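Okay, structure first, notes after.
The values are calculated or read from the model by the stated rules, or taken from the named source; none is laboratory data. Quick caveat: nothing in here was measured; it's all calculated off a predicted structure. As a convention, Cβ positions derive from the backbone with ideal geometry for all residues, glycine included, and neighbour counts pool all protein chains shown. Side chains included, ligands, DNA and RNA excluded: accessible areas come from the protein's heavy atoms. Shrake-Rupley method; radii C 1.70, N 1.55, O 1.52, S 1.80 Å.
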Amino acid sequence: ESGATAPPVGHFAVTDEHHNPCLLMTVGMTFHVPYVKNDTKSTGAVTSYHLPADANVTGSCEEDTKKNQKKEASITLSWADGFNVTVKFKRNDTVFYAKEIIARYVLNSDVFPDCKDEGEAKHVNGTPHDIHAMPGRSYLCHVAVNVTLGNASVTFSDLQVQPFMVKGGNFSKAEECAADMSTTTAHTTIHHTDPANTTVHHTTVPANTTVHHTPTPHHTVPANTTVHHT
């Protein structure tokens, strides 16, 4: 089954111009991407890869002034060579929501075995419909949620996010997703019930600034890549 291996859960944050955390996200992501193999029949295949827990963070936060309230925020997580995902958020006075997800990737034989058009950069995007909560609160969902991105998809797991009104570098009270409320499955490992200072200190970065991690061989490509032929 595609994406059967559980993704690593990362703790990410964007900071404002005063170096205060203004967008917090804890999440595991698995991407499922179709591609064409380089053979005589142009065989179709699907590869799955994870978001690394130490992905680089960039982003932007809401402009909170009386004259100019942008009411938008975004976070971009980047890794390897040409792989990244951007989640954009918007809010009004009663709700915030994720309005778009954009995933970018580059065809290469490490992630897309025997792929045609090696080196070609591609992107897919889609709209998540279930990620929303009141401004000043966080959204929480332990259960895996799949979002369609064109002909690809991404599965979110162990998600907690607060793109607005972050105080003290910690998540505010959570609004839990309906799927969590209805499931009786026990979670033996919950990574984000305590979004303490370790979460912020690990990944806080100034807005629009990239954090560089020391490269190691196993970070050069998304981990746990699996390929399924159609």
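Based on the Cβ-Cβ distance from E175 to T40, what FRET efficiency comes out when R0 is 35 Å, to the nearest 0.05?
The value I calculate is 0.10.
May I ask you to give the solvent-accessible area per residue for region 34-175, in square angstrom, as obtained with a 1.4 angstrom probe?
46
For region 41-161, give the percent of accessible area contributed by carbon and sulfur heavy atoms, probe 1.4 Å, rounded to a whole number.
Solvent-exposed carbon and sulfur of region 41-161 make up 45 percent of the total.
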